[in-house]
1. Restricting attention to region 300-357, which residues are among the aliphatic types (A, V, I, L, M), part of a strand (DSSP E or B) and under 18 Å from residue 117 (Cα atoms)?
2. Restricting to region 372-386, give me the number of residues that are touching a strand residue (DSSP E or B) at 6+ places or on another chain (Cβ under 8 Å) and in a helix (DSSP H, G or I).
3. Got a sec? Which of 217, 267 is assigned to a strand (DSSP E or B), in contact with a Leu (Cβ under 8 Å, 6 or more places away or on another chain) and over 15 Å from residue 293 (Cα atoms)?
4. Mind listing whichever residues of region 295-351 are without any contact (Cβ under 8 Å) to a residue 60 or more places away in the chain and either open to solvent by less than 10 Å² (accessible area, probe 1.4 Å) or among the aliphatic types (A, V, I, L, M) (or both)?
5. Inspect all residues belonging to region 32-41 and state whether any of them is at pLDDT 95 or above and open to solvent by 10 Å² or more (accessible area, probe 1.4 Å).
6. How do the pairs read when you match residues in region 156-180 that are in contact (Cβ under 8 Å) with a residue 40 or more places away in the chain with residues anywhere that are surrounded by fewer than 19 Cβ atoms within 10 Å (Cβ to Cβ) and part of a loop (DSSP other than H, G, I, E, B), using Cβ under 7 Å and keeping only pairs 6 or more apart or on different chains?
7. What residue, of 210, 232, is in contact with a helix residue (DSSP H, G or I) (Cβ under 8 Å, 6 or more places away or on another chain) and closer than 16 Å to residue 301 by Cβ?
8. Which condition from (1) within 24 Å of residue 176 (Cα to Cα); (2) small (Gly, Ala, Ser); (3) surrounded by fewer than 16 Cβ atoms within 10 Å (Cβ to Cβ) is the one that residue 86 breaks?
Amino acid sequence: MPEQAYTATIHPSSSAIPEAVWNGLVPATAGIADNPFLDHAFFRALEESGCATGKTGWQPQHILLSDQTGQPVGLLPLFLKSHSMGEYVFDHGWANALERAGGHYYPKLQGSVPFTPATAPKLLVPSGSLQAQAALLQTAQQLATRLDASSVHLTFLPEPEAELAGSLDWLRRTDTQFHWHNRDYASFEHFLETLSSRKRKTIRRERRDALADGLTVRWLTGRDIEERHWDAFFDFYEDTGARKWGRPYLNRAFFSLLGQYMADSVVLMLAYDGNEPIAGAINFRGRDRLYGRNWGAVRDVPFLHFEICYYQAIDYAIAHQLAVVEAGAQGEHKLARGYEPVSTHSVHWIAHPGLRHAIADYLEDERSAVERQQEMLETFTPFRKGERQER
């Protein structure tokens, strides 16, 4: 098959690309209905609110690929970054190594959904053309050279995209998340029946203690989410963000835009003491899965975090027949609550030959360590003996 000629244009904002063009380039196998983080509206909300802009170290450099007729055929959401915050795939050690050697690691190019550690395609080519996907990767490398960026990083991408990039000499990295899988459970109790007796008792106790003081939990989505709910949730989110990393990544305007642009994709879970909300978690719903994102509380209640973020998410998934709950990055404590280890993938192009060689050696050892860790984690799942093998 002859090589296809493409033209690539770089866009300084998502709004510079028409919504119909952007969303039309999301592959049908991972459409907007499946993964709301690919929606043009999600990127618009991040950028228009000022959360993902040059001022915050996330300068959009979205690559739009067109064929010889001018027809858009591919998209790579990309950002020029001046730091490594909000990514959940840590490369601070790489940055320090290059700086110590007299080089500069920033700026770098980052292909990701900002502040969102959820796997989603990054090489958006609806035809599935490997040539077009390879052209997006090559364009990203050329852009890095033009901008004097040290590297290009595509994080939380599907394994086939990671394999393609690896075949083109990008470095591959793996990590672990914890996801809950729905095995056609009829109820939360049905799910608990698959766990060991000790784990069942622990989870029941945690759920009971979390709501022992008469707290109630409400699920809100679409038109049910009002500005007063966003006000309350932002207070929760801001408290958690300030304690974890000093300054929350998302601002209040983002949540209003989220409610305006894509409220039907949001599931807001709020814990109430009477009529007063005291804690909450924001989730995003795809066709067959629930993505847990941010949480916070203004009162310390034992096990309320587990209840709002993990158990309520399972309740929701069972009630709506969703196949998977993705509960975000890190957190081996999720394992005891029925969430199972899965692999995540990222790929990295490093311009500096010496740094690239050192990182390649490091990643080879890291992949082996991650594989061994996952094998070990599998032995600590809370399911009854033989239950996991049957599922």
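1. Kept after step one, since they are among the aliphatic types (A, V, I, L, M), are these residues of region 300-357: 301, 304, 308, 313-314, 317-319, 322-325, 327, 329, 335-336, 342, 347, 350-351, 355.
Imposing the further condition that a residue be part of a strand (DSSP E or B) reduces the set to 324-325, 342, 347, 350.
Listed by number, the residues that qualify are 324, 325, 342, 347.
2. So in region 372-386, the residues touching a strand residue (DSSP E or B) at 6+ places or on another chain (Cβ under 8 Å) come out as 373-374, 377-378, 381-384.
Pick out the ones that are also in a helix (DSSP H, G or I) and you get 373-374, 377-378.
Qualifying residue count, region 372-386: 4.
3. Numbers: 267 fails: over 15 Å from residue 293 (Cα atoms).
Just one listed residue meets the conditions, 217.
4. Passing the criteria: only 319.
5. Yes - at least one qualifying residue is present in region 32-41.
6. Qualifying pairs under 7 Å: 177/329; 178/331.
7. On the way: 232 fails: in contact with a helix residue (DSSP H, G or I) (Cβ under 8 Å, 6 or more places away or on another chain).
Just a single option satisfies the conditions, and that option is 210.
8. (3)
The values are calculated or read from the model by the stated rules, or taken from the named source; none is laboratory data. What you see is a predicted model; the values in this text were computed from it and never measured. Glycine gets a Cβ as well: all are built from the backbone with ideal geometry, and neighbour counts include every protein chain shown. What goes into the accessible areas is simple: the full protein's heavy atoms, side chains included, and nothing from ligands, DNA or RNA. Shrake-Rupley method; radii C 1.70, N 1.55, O 1.52, S 1.80 Å.
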